[in-house]
Number of protein chains: 2
Amino acid sequence: MTALWLIVLCGVLSVVYAIWATSSVLGADAGSPRMQEIAGAVREGAQAYLRRQYTTIGLVGIVIFALLAYFLGVYVAIGFAIGAVLSGAAGFIGMNVSVRANVRTAQAATTSLAGGLELAFKAGAITGLLVAGLALLGVTLYFGFLVHSLKLAPDSRTVVDAMVALGFGASLISIFARLGGGIFTKGADVGGDLVGKVEAGIPEDDPRNPATIADNVGDNVGDCAGMAADLFETYAVTAVATMVLAAIYFAKTPILANMMTLPLAIGGICIITSIIGTFFVKLGPSQSIMGALYKGLIATGILSLIGIALVIYYLIGFGKLEGVGYTGMALFECGVVGLVVTALIIWITEYYTGTDYRPVKSIAQASVTGHGTNVIQGLAVSMEATALPALVIIAGILVTYSLAGLFGIAIATATMLALAGMIVALDAFGPVTDNAGGIAEMAGLPKEVRKSTDALDAVGNTTKAVTKGYAIGSAGLGALVLFAAYNEDLKFFIAGKNAYFQGVNPDFSLNNPYVVVGLLFGGLLPYLFGALGMTAVGRAAGAIVEEVRRQFREKPGIMQGTDKPDYGKAVDLLTRAAIKEMIIPSLLPVLSPIVVYFLIYAIAGGGAAGKSAAFSAVGAMLLGVIVTGLFVAISMTSGGGAWDNAKKYIEDGHFGGKGSDAHKSAVTGDTVGDPYKDTAGPAVNPMIKITNIVALLLLAILAH
Amino acid sequence: MTALWLIVLCGVLSVVYAIWATSSVLGADAGSPRMQEIAGAVREGAQAYLRRQYTTIGLVGIVIFALLAYFLGVYVAIGFAIGAVLSGAAGFIGMNVSVRANVRTAQAATTSLAGGLELAFKAGAITGLLVAGLALLGVTLYFGFLVHSLKLAPDSRTVVDAMVALGFGASLISIFARLGGGIFTKGADVGGDLVGKVEAGIPEDDPRNPATIADNVGDNVGDCAGMAADLFETYAVTAVATMVLAAIYFAKTPILANMMTLPLAIGGICIITSIIGTFFVKLGPSQSIMGALYKGLIATGILSLIGIALVIYYLIGFGKLEGVGYTGMALFECGVVGLVVTALIIWITEYYTGTDYRPVKSIAQASVTGHGTNVIQGLAVSMEATALPALVIIAGILVTYSLAGLFGIAIATATMLALAGMIVALDAFGPVTDNAGGIAEMAGLPKEVRKSTDALDAVGNTTKAVTKGYAIGSAGLGALVLFAAYNEDLKFFIAGKNAYFQGVNPDFSLNNPYVVVGLLFGGLLPYLFGALGMTAVGRAAGAIVEEVRRQFREKPGIMQGTDKPDYGKAVDLLTRAAIKEMIIPSLLPVLSPIVVYFLIYAIAGGGAAGKSAAFSAVGAMLLGVIVTGLFVAISMTSGGGAWDNAKKYIEDGHFGGKGSDAHKSAVTGDTVGDPYKDTAGPAVNPMIKITNIVALLLLAILAH
């Protein structure tokens, strides 16, 4: 009980930090009236888009809320609502700070790079800590309410189902936000670049381009709000899955409540270490932006190590744990593995996407011989970039399993995600600097300002790839945890003599053709989903190209600077396109487990045998979707980051610099990388989670 | 015994057909001296390359032969040699016909499209029937020798191991040929296009381009010899795996020998139906080339249906089979499913790569807005193209399993591959027409000739994608069969109280972390392998660009047509590059099962527990490599075909036609698609097979 209140206190601290940081950001100089005018347009567009997006998701959410309330009771439905509302709130608040920090960062960059970095990072940290803090508060308070106020057993069905539903609410927001935001931002980016840079020959962010405000709006709604919702759900789902496993493994032992509290406590302590870490982010004399970010990250990592040791010591001790064959010390070591996996994935992602290393340089080099070789090398790098992260995840699974079995893997994953506050901060500062660069360009600030914001932006490309690699990496490490949650739930219902599960005997062996079918079906989901995402961006970009061409044609004064383009039209067009295009792909993972279950049930002849076959196939599908999803997501996010930075590398004066043929080829690669890294790739992570969570809810519903 | 001789007769028939068709092709008019000179250069280059390639593979082969002889005995090593030599021979002979048929096809196309089609298809049919015939002869004769001459039991270890080693020999040639040939052909193609079309502004196949002969050489060594080796091994491995399963399921029943003969008999009868089918390929009044090919294919399909019914009736009858729960009729129905799966995969591939349908048109349309959108749409199509084939394979597994269990799946796969003669014929005609077009261009034949060969070539792009989809599709359908072979072998050794397998108890359940680790490790192989292949092409192409630039610089007369380029230099350069680059990626699947086994063995603490964990991980790896490999391969081969034909569609006068901006973008897409569809993608199939077969051999070696 005390532990829960302390965890809540950590969550509250993150909110306090966010309020303090917000007031500090808002207190900074907001620049000239022209800059404020531009920032105002971006802010308006972003808010309008999010309003529309949340309204649409709200409608879907109300239907699901009603279904859950009907099938599983009101407490489960409330869990869903809490997850959805908080996930949305983290994105909404973060974005609202972001659209105010952009112009202030541009202004701060007029005096120094350090000033720009400080403001942008502080804005990112607000989103980061709100993501971790609100997720922790939501899970902890609702768990506490159910267990302590309602006096439900921590491992009762209502508590478990309500926690799973909370994860589902978060996931649902997340996939819509990732996909809708991703389509918006990349439709604007690709479309605007094609017609602006390529056709009209005007630079990026030129105010004469009618798509330029939409591009900046997209940075906020996609890269900021979408990403916040994504990490919120990853955090919540992992915490919930670990709690579910604790409920199973430590059922009927006196340490049950403490073991279920453990993932939350790790989350709580890491919020404090993340807050402390943010103060270490300071530009040193080397002026290395990445170095400054690393200082904060390393501080957080080392402090977390100590913090987690303390948490484990006070909560469960380092000695042998009741009911299982491992010690508290072993769980601490699993936490360390989680931190090491995080560090390695960050380091590998930086290697594959940073401008200092072979991969990005090889893409830049390949640009010299043309568009085709740029894309070939980019694709090669994107595929290669999956190997080391996969090996790290494999090693992580092997080590933690040997230390403390499945629960060890769960603790490692939970620890990995406990750093979300800091990691999201690193990511969310990207769109702020990207926007700041846009505002600097549009407001005609001196070239040096743009140079500062560009330097920040290049690092942002890498940190954005890092966050995505981290999110999907945690999904890979946690794959077995989510599958175990499904399997243990299934066992629970079978052992509980539930009427529906009478005679069911699932067989998850690879010898079972239904398992192979499930693996293949799961494997196809990320591919189909990716294809839909890429096509949607292509279509949205095409619409933008048409619209911009129309404006240039009907108002020839735009290009001469005597007439103003209609920015709102492009924003509006993309808003409608993104909302429309996000629906079908988002429903894919929601409906797939249900469709596969009933289809296999029918094909295998119904009855208990049919149910056994169907449960086996759905279980295998949960792993299949991760086996391909891991590779699809990492290749897309790392590859996209590498393409973007290869372009930046050339723009820095290599291989002919800006305007050279190599640069033109690199722009093509960057365009291809855009939907890869910001639409299809990152949306794979929530897709995997939704598939898993819907499967868990399906079990609960079938049991009723 | 009689059945075996009849099967041998079918194999001999294919050789007879090949001899007849060869003399018929060679009897055709070989064109003008200029044409013969060009064709001579192509022939020389191709032969020189294959000599070098086979010498290199030969060295690797001798080492493996010695190892196998030492560990598993001389009969197993001889099996390996038979597989390797015949697989190489099918490719070598096919290519030798191909390099003679190209010039004759160009000459025949001067009079009519029908004449060109007839010659090119006949040349392709030689390769096709030799692939099926030699594979069948090799497996049947060696099996007959071991069982009847040496009086070994059909299910004895020596027979099973020797058959597996035969598949291994074929696979090893195949991966080297696919990869080496693929790197050669696409290095030449991409490099030649970049420096010729893009830099120097001269058309494809212009004789002034020093890389143009190498490009034509590449068509033969990659698309013809490489593909032949690939299908040879797929055919042999599937036949062998089905025989292994028959040996297990029907052990100690009187129908054992007949059940083991069944896959061979199906192969035999389908050679006859394929030969008959080739005579149905005739251009109708509609002048539809695809229609003419379909006529042959449909004839083969219908006749095969009847033939397989007869084979099953005479060999095992339609009634209930001894020792199992299904009938001969059910096995016939599985054969029908195999044919239906083949037809559906062909139809789906044509949809995704043909110029008449939405996907290719959408890529062409996207080319209008630039290079970037072309590539984005192409990637979207490539990913989407995996969904339907995967669903067809899933349906095939479900239906055949419900009909006759695992053996039903095996029979369906064997039937699918029994059509290899006809399918390879459809494919191998592609490089002949591609070459014919090149020769027509270089020899300055009238434009109409080039138009005819271009029309043939466009269909060739689709049929090439079809064959690859078919090869990988059969791997997907057969995945469970290969895994079952591994699993049953393992059970055999455990039950046999083999000293090494004492106390081993593999657990292939998805709950087992070693299974998840195996799935992830298997999943990473196609990605890493694909990345290596793509990079190799990029490097080889870059070297060609440098070489061509050097020649243009040092001999300015080349561009004015007063000086002759040094074609041999480019061929030589590519030969060395391809041979060097093919080694490392080819060793990846050979070494992976071994490394994973011993690594997991050590990590899991050694002893029986370590062995159990390691066998589980290796087994899971075999499925993991298919789960991602299926999607990687289909997306690459279909996507590449679609890109190529989108370019052709624009060249036919759509969206601005040749020389327009859309065309330039489409050329970029085509360049990207080249290594996708002709190097990395198709090599995934032999890679999957090798991983499987090495795992089987590893079991046999550990048992000794």
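No value in this document is a laboratory result; all are computed from the given coordinates. Just so it is clear, the structure is predicted and the values come from calculations on it, not from any experiment. Here Cβ is always computed from backbone atoms with ideal geometry, including for glycine, and neighbour counts include all displayed protein chains.
Descriptive notes on the structure:
- Treating each Cα of segment A:526-593 as one equal point scatterer and applying the Debye formula with no solvent, the log10 of I(q)/I(0) at q = 0.15, 0.19, 0.23 Å⁻¹ comes out as -0.59, -0.77, -0.95.
- If you bin all the Cα-Cα distances of segment A:56-118 at 5 Å, starting from zero, the percentages per bin are 4, 16, 16, 13, 10, 8, 7, 8, 7, 6, 3, 1.
- Mean separation of Cα contacts under 8 Å, 6 or more apart, over the residue count of chain B: relative contact order %: 21
- Hydrodynamic radius of segment A:557-670 per Kirkwood, over alpha carbon pairs, in Å: 19.2
- Proximal aspartates and glutamates relative to A:K295, as straight alpha-carbon distance under 17 Å, when same-chain residues fewer than 8 apart are discounted: A:E118, A:E350, A:D427
- Net charge of the neighbourhood of B:G659, taken over other residues with C-beta under 12 Å away and scored Lys/Arg +1, Asp/Glu -1, is +1.
- Label-point distances for B:I584 to the equivalent site in the other copies, using a point 7 angstrom along Cα→C-beta, read 4.2 nm when ranked shortest first.
- Folded to 0 to 90 degrees: helix A:2-26 orientation relative to chain A principal axis, Cα: 10
- Computed [θ] at 222 nm, helices only, for chain A once each DSSP H run of length n ≥ 4 contributes -39500 (n - 2.57): -29000 deg cm²/dmol
- Binning the C-alpha pair distances of segment A:140-295 at 10 Å intervals from 0 yields a P(r) profile of 10, 23, 23, 22, 13, 7, 2, 0 %, listed from the shortest bin outward.
- Spatial offset of segment B:36-66 relative to segment A:27-58 amounts to 65 Å, using the alpha carbon center of each.
- For B:K647, the lysines whose Cα falls under 22 Å of its own Cα, not counting residues fewer than eight places away in the same chain, are A:K664, B:K186, B:K197, B:K361, B:K447, B:K451, B:K464, B:K468, B:K658, B:K664, B:K677.
- Tail fraction, Cα-Cα pairs, the protein assembly as shown, threshold 66 Å, whole percent: 8
- Among the trypsin sites (Lys or Arg not before Pro) in segment B:144-248, those placed in a DSSP loop whose Cβ has at most 11 other Cβ atoms within 10 Å are B:K151.
- Compared with the dominant principal axis of the Cα atoms in chain A, helix A:113-144 is inclined by about 20°.
- The loop-placed trypsin sites (Lys or Arg not before Pro) in segment A:476-567, going by DSSP, that have at most 16 neighbouring Cβ atoms within 10 Å of their Cβ come out as A:K497.
- Degrees between helix B:289-315 axis and first principal axis of chain B (Cα, 0 to 90, nearest 10): 20
- Value of D in µm² per second that Stokes-Einstein yields for segment A:1-703, Kirkwood Rh from Cα pairs, at 37 °C (0.692 mPa s): 131
- C-alpha center-to-center spacing [segment A:613-674, segment A:125-192] in angstrom: 27
- Summing +1 for each Lys or Arg and -1 for each Asp or Glu among the other residues whose beta-carbon sits under 12 angstrom from that of B:Y470 gives -1.
- Distance cut-off 14 Å, percentage of C-alpha pairs in segment A:174-219 lying past it: 44
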